[in-house]
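Undergrad: Starting off with a structure, shown below.
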Amino acid sequence: TMTTIYLPDGVKDIAAPKVWRDNRNMWQREYGAFSGCTALEYIVSNKSDSNNKCVVINGRLVAVAYDKKIVLPDTVKELSYCFNDHRGILEEIVVSEGVKTIPEYTFRNCYHIISITLPSTVSKIGGYAFEYTDVTNIYVKAETPPVLEQSALSGLYSSTTIYVPTVSLQAYKAAGWG
């Protein structure tokens, strides 16, 4: 079982996801790098964070190792599909300040997650971002409600609690947050 991956210096990108329509006109896509590698504990590279849990290239998070808690480093400004299908032991994700968009399908199939914290800088959440995610709590720090793309909150259980800044509660309700 592989627990550590060593990436050579000079890596410019890792497994950019591909999305396409098949012959039945159904959406198909690839998952993020190392998705399903549930024993992966460390990704060692000159692009890794200090804990060797995240790989960031040009401000874009491209890979994440499996751990109970992932706190994204401040160097992350853009997310990729690296949490998608993260079925391991991940229980908590803290997205770093500076991230503006949560792309579609970002947390899809992230089972066992208890908490996701979104920064004050997030302004848009992509479609199906939480599909098949059994997250218990979502903390949104943005005072202005992020724009929700089609079905952005689809797939959340009715028991999921979304916490928003108290001063913004009415604005979130008016923006379709529930």
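Undergrad: Name the single residue, out of those in the range 68-109 being more than 17 Å from D134 (Cα to Cα) and small (G, A, S), that is modelled with the lowest pLDDT.
TA: Selected residue: S80.
Undergrad: Looking only at the range 157-166, which residues are open to solvent by 40 Å² or more (accessible area, probe 1.4 Å) and assigned to a loop (DSSP other than H, G, I, E, B)?
TA: Those that are open to solvent by 40 Å² or more (accessible area, probe 1.4 Å) and assigned to a loop (DSSP other than H, G, I, E, B): Y157, S158, S159.
Undergrad: Inspect the range 79-87 for any residue being open to solvent by 60 Å² or more (accessible area, probe 1.4 Å) and farther than 18 Å from S48 by Cα and give the result as yes or no.
TA: yes
Undergrad: Suppose we keep only residues that are hydroxyl-bearing (S, T, Y) and either open to solvent by less than 30 Å² (accessible area, probe 1.4 Å) or touching a helix residue (DSSP H, G or I) at 6+ places or on another chain (Cβ under 8 Å) (or both) within the range 1-57. Which one would you say is modelled with the lowest pLDDT?
TA: Y31
Undergrad: Is it fair to say L148 is surrounded by fewer than 21 Cβ atoms within 10 Å (Cβ to Cβ), in contact with a Gly (Cβ under 9 Å, 6 or more places away or on another chain) and of a type in the set (A, V, I, L, M, F, W, C)?
TA: Considered against the rule, which asks whether it is surrounded by fewer than 21 Cβ atoms within 10 Å (Cβ to Cβ), in contact with a Gly (Cβ under 9 Å, 6 or more places away or on another chain) and of a type in the set (A, V, I, L, M, F, W, C), L148 comes out as yes.
Undergrad: How many residues are open to solvent by 30 Å² or more (accessible area, probe 1.4 Å) and either among the β-branched types (V, I, T) or on the phi > 0 side of the Ramachandran plot (or both) when one looks only at the range 105-145?
TA: Matching residues across the range 105-145 total 8.
The values are calculated or read from the model by the stated rules, or taken from the named source; none is laboratory data. Just so you know, these numbers come straight off a predicted model, no measurement behind them. A quick note on method: Cβ atoms are made from the backbone with ideal geometry, for glycine too, and the neighbour counts reach across all protein chains shown. Quick note on the areas: whole protein, heavy atoms, side chains included, nothing else; ligands and nucleic acids left out. Shrake-Rupley method; radii C 1.70, N 1.55, O 1.52, S 1.80 Å.
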